[in-house]
Amino acid sequence: MAATDRGRTRWGLILPFLAVPVLVLGFLVIGLFMWARPDENGDDRAGRAATVPCAEALAFGGAGRPASAEVRGCTVQRGIDTAYTAVLLMPREDVRGWLHTTYPDAPAPRTGGSCGALCLDVTHGEGLPGTAGAHVVQVRVEYSNAGRAQVRFSAFTM
């Protein structure tokens, strides 16, 4: 062994091979956080719900806004599938008419049980209009008082 090799270790050869995987892993972690972060346009790639116009949410399910409805909020959540939701307040007596006009070929709405005051589930084979982008529409109605109903509208792909 030469005098100049005394005290020298093999770390000079091993360190570059260890640094490469650490750097690659670091870039992957940073990239994942950057990808999951929503951009300034509101495009939410991480699967969180974003606010949308209610006309868009209802149209995805082949519906229009009832004239007597008060909009409480509409959202979209995109991921593998797309899901729109809308919450509306409207007169109780208008709910069944709106459902029948919107989905004339759908089965009759159900009442009671676990669905609340009124439920309607519509799929492409069972009354969903061909213009709908959704595969399934679910409508859940709760009566908030003697004259008002809260309508929860969900339209989604599967």
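Available extension along the chain between His124 and Met158 is 11.1 nm, counting 0.36 nm per residue and deducting the alpha carbon span. Counting heavy atoms of the protein chains alone, Tyr103 has an accessible area of about 10 Å² for a 1.4 Å probe. Helix-only arithmetic for the chain: the sum of -39500 (n - 2.57) across DSSP H runs with n ≥ 4, divided by the residue total, places the mean residue ellipticity at 222 nm at -9000 deg cm²/dmol. The angle between the Cα long axis of helix 92-102 and the main principal axis of the chain comes to about 70°, on a 0 to 90 degree scale. Against the main long axis of the alpha-carbon atoms of the chain, helix 11-36 sits at an angle near 10°. Accessible surface comparison of His135, His100, probe 1.4 Å, protein chains only, largest first: the order is His100, His135. Extending each Cα 7 Å along its Cβ direction at Arg110 and Glu93, get the distance between those two points in nm, one decimal. In this crude spin-label approximation the distance works out to 2.9 nm.
Note on Trp11 and Val24: the model spin-label points, each 7 Å out from Cα along the C-beta direction, lie 2.4 nm apart.
Look at the dipole of the chain built from charges on Cβ: of Gly26, Val122, Gly62, the Cα furthest out on the positive end belongs to Gly26. When a 1.4 Å probe is rolled over the protein heavy atoms, the share of accessible surface on the chain that falls to carbon and sulfur comes to 60 percent. Taking Cα centroids, how far is region 49-89 from region 98-158 in Å? The distance from the Cα centre of region 49-89 to that of region 98-158 comes to 13 Å. Between Ala117 and Ser68, the modelled label-to-label distance comes to 1.2 nm, taking each label 7 Å out from Cα in the direction of the beta carbon.
Near Ala155, within a Cβ-to-Cβ distance under 14 Å, what is the net charge of the other residues, with Lys and Arg +1 and Asp and Glu -1? Net of charged neighbours comes to +1. For the chain, a Gaussian network of Cα nodes joined below 10 Å ranks Val141, Val87, Val24 by mean-square fluctuation, and the top entry is Val24. Normalised by the number of residues in the chain, the average gap of Cα pairs under 8 Å and 6 or more apart makes the relative contact order 20 percent.
With Rg and the Kirkwood Rh both taken from Cα atoms, where does Rg over Rh land for the chain?
Working: Rg = 27.4 Å, Rh = 19.2 Å.
Dividing the radius of gyration by the Kirkwood radius yields 1.43.
P(r) tail for region 80-142: Cα pairs beyond 21 Å make up 23% of the total. Sorting the segments 25-35, 68-78 by their mean number of nearby beta carbons within 10 angstrom, highest to lowest, gives 68-78, 25-35. Each Cα pair under 8 Å and six or more residues apart adds its separation to the average, and for region 74-150 the resulting relative contact order is 29 percent.
The values are calculated or read from the model by the stated rules, or taken from the named source; none is laboratory data. Values in this document were obtained by computation on a predicted structure and should not be read as measured data. As a convention, Cβ positions derive from the backbone with ideal geometry for all residues, glycine included, and neighbour counts pool all protein chains shown. In case anyone asks, the SASA skips ligands and DNA or RNA and just uses the protein heavy atoms, side chains included. Shrake-Rupley method; radii C 1.70, N 1.55, O 1.52, S 1.80 Å.
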